[in-house]
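Q: The structure's right below; bear with me while I get my questions together.
The values are calculated or read from the model by the stated rules, or taken from the named source; none is laboratory data. All figures in this text were calculated on a predicted structure; none of them were measured in a lab. Cβ placement follows ideal geometry from the backbone for every residue including glycine, while neighbour counts extend to all protein chains displayed. Surface areas here come from the heavy atoms of the whole protein model, side chains and all, with no ligands, DNA or RNA. Shrake-Rupley method; radii C 1.70, N 1.55, O 1.52, S 1.80 Å.
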Amino acid sequence: MRFSRRQFLAGAASLVLASSGRTPPVLAQERKGTRLILLGTKGGPRVGGSRNNPSTLLLINGVPYVIDFGAGTSRQLIAAGVPLNKLRYLYFTHLHSDHMLEYGPAVYNSWATGLRTRVDAYGPPPLKNTTQAFWEYMRFDVDTRIEDEGRPYPRPLLVVNEFDAPGIVMQNEDVKVTSAAVVHPPIKHAYGFRFDSKDRSIVISGDTNYAPGLVTLAKGADVLVHEVLYLPRLDKLLGQIPNAATLRKHLVDSHSVPEDVGRVAAQAQVKTVVLSHLVPGDDPDITDDMWSEGVRKHFKGPVIVGKDLMEI
């Protein structure tokens, strides 16, 4: 993938604006085409450090499609220039907390800032139950604000589209979204997504070990955004955690080392690989070369180590 001077400058400006805490002066939604922006690039439920928890934004002809909602997603959307009351399409690869902790709060924040239009959420079970539980949790506040502040009732605005098998998730005039089952034990319903728009094809791996279904899903894609586990630094991450042995087994069984990311990318013949959902994501001693070295053993195309608010 080649980056034009305009694309490079736009990406650099977004990073500067993000670090300064200022909202970009031009709303992200005003630009056409398909844009990919990484909102959060650290895997796992722990918060803190220089990276936010997992979330990826696609802007397709100005309409936001948000994949996963880790902690901090609302603020990251604002930093990327997307007004919260313009949320439209939400996707969940699976329902581990680092992928959905800010699902309800982001919808609530959208409603609090003037949301008046439909929002569609797509994901596996138990997304419907999770959504209902959130509205129950917020019932007192929501009912109070409707009566006291004259706000509209928010629940009808959020439409949950739950699926439990791979296939076409949704399609409109701008994009076709397809899912494939991935390998993330012990979770049965874990999926990767492919977004085919008129100008780009982008695949989000979700959390997964090497998955043949993901290879098929990603065939010929322009961009593969893939999670990655850097095994040599895993013991430092676990440190003095009491459940270190059990957690280590889970991480190894359900995530991809760089070499496997490279295998998937090469077999799928994608054009560019973007590494995100980095585990461990808050270890400053892991360089970009360390993250990408194993990928390059199998994949000879461009490999980008994702950073929060990076646009590709």
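Q: Cα gyration tensor of segment 219-312, axes a ≥ b ≥ c as square roots of the eigenvalues: rounded (a/c below 1.5), prolate (a/b > b/c) or oblate? Could you put the intermediate results ahead of the total?
A: Details: a/c = 2.31, a/b = 1.75, b/c = 1.32.
Note, shape of segment 219-312 comes out prolate.
Q: Would you mind checking the pairs K219/K271; K249/K297; K42/K297 and listing those with alpha carbons more than 19 angstrom apart? List each step's numbers first, then the result.
A: Numbers: K219/K271 10 Å; K249/K297 25 Å; K42/K297 23 Å.
Where the Cα-Cα span goes over 19 Å, the pairs concerned are K249/K297; K42/K297.
Q: Kirkwood-based Rg over Rh for segment 179-220 (C-alpha set), two decimals?
A: Numbers: Rg = 10.6 Å, Rh = 10.5 Å.
Ratio value, two decimals: 1.01.
Q: Using a 1.4 Å probe on the protein heavy atoms only, what accessible surface does E259 show? Give it in Å² to the nearest 10.
A: Ignoring ligands and nucleic acids, E259 comes out at about 60 Å².
Q: For the chain, divide the Cα radius of gyration by the Kirkwood radius and give the resulting Rg/Rh value with two decimals.
A: Numbers: Rg = 18.8 Å, Rh = 19.7 Å.
That ratio is 0.95, to two decimals.
Q: Next question. Using heavy-atom solvent-accessible surface (probe 1.4 Å) with all chains present, what is the largest-first order of D289, D120, D199?
A: On the way: D289 115, D120 5, D199 85 Å².
Final ranking, largest accessible area leading: D289, D199, D120.
Q: Oh, and also: Starting from the alpha-carbon convex hull of segment 198-250, give the projected area averaged over all orientations, in nm². Walk me through the numbers on the way to the answer.
A: On the way: hull surface 19.6 nm².
Answer in nm², one decimal: 4.9.
Q: Another question, then. Can you give me the Rg/Rh ratio for segment 62-133, using Cα atoms for both radii and the Kirkwood formula for Rh? Walk me through the numbers on the way to the answer.
A: Details: Rg = 11.3 Å, Rh = 12.2 Å.
Result: Rg/Rh = 0.93.
Q: Rounded to the nearest 10 Å², what accessible area does M138 show when all protein chains are kept and the probe is 1.4 Å?
A: 30 Å²
Q: Give the residue list of trypsin sites (Lys or Arg not before Pro) in segment 152-255 that are DSSP loop and have at most 11 other beta-carbon atoms within 10 angstrom. Mind dumping the intermediate values first?
A: On the way: sites: K176, K188, R194, K198, R200, K219, R233, K236, R248, K249; in loops: K188, K198, R200, K219.
Answer in residue order: K188, K198.
Q: Rounded to the nearest 500 deg cm²/dmol, what is the calculated helix-only ellipticity per residue at 222 nm for the chain, with -39500 (n - 2.57) per DSSP H run of length n ≥ 4? Present the calculation step by step, with values, prior to reporting the outcome.
A: Values: 11 runs with 101 residues, N = 312.
Helices in the chain give a 222 nm mean residue ellipticity of -9000 deg cm²/dmol.
Q: Could you give the angle, 0 to 90 degrees to the nearest 10, between helix 244-254's Cα long axis and the longest principal axis of the Cα atoms of the chain?
A: 90 degrees
Q: By the gyration tensor of its Cα atoms, with a ≥ b ≥ c the square roots of the eigenvalues, what is the shape of segment 143-264: rounded for a/c under 1.5, prolate for a/b over b/c, or oblate?
A: Details: a/c = 2.53, a/b = 1.30, b/c = 1.96.
Because a/c hits 1.5 or more and a/b fails to exceed b/c, segment 143-264 counts as oblate.
Q: While we're here: Hey, if we sort T117, T246 by accessible area with the 1.4 Å probe, largest down, what's the order? Show your work: numbers first, answer last.
A: On the way: T117 80, T246 105 Å².
In descending accessible area the options line up as T246, T117.
Q: Arrange the residues R151, R35, R118 by how much accessible surface each exposes, largest first, with a 1.4 angstrom probe.
A: Values: R151 60, R35 25, R118 120 Å².
Sorted descending by solvent-accessible area, the residues read R118, R151, R35.
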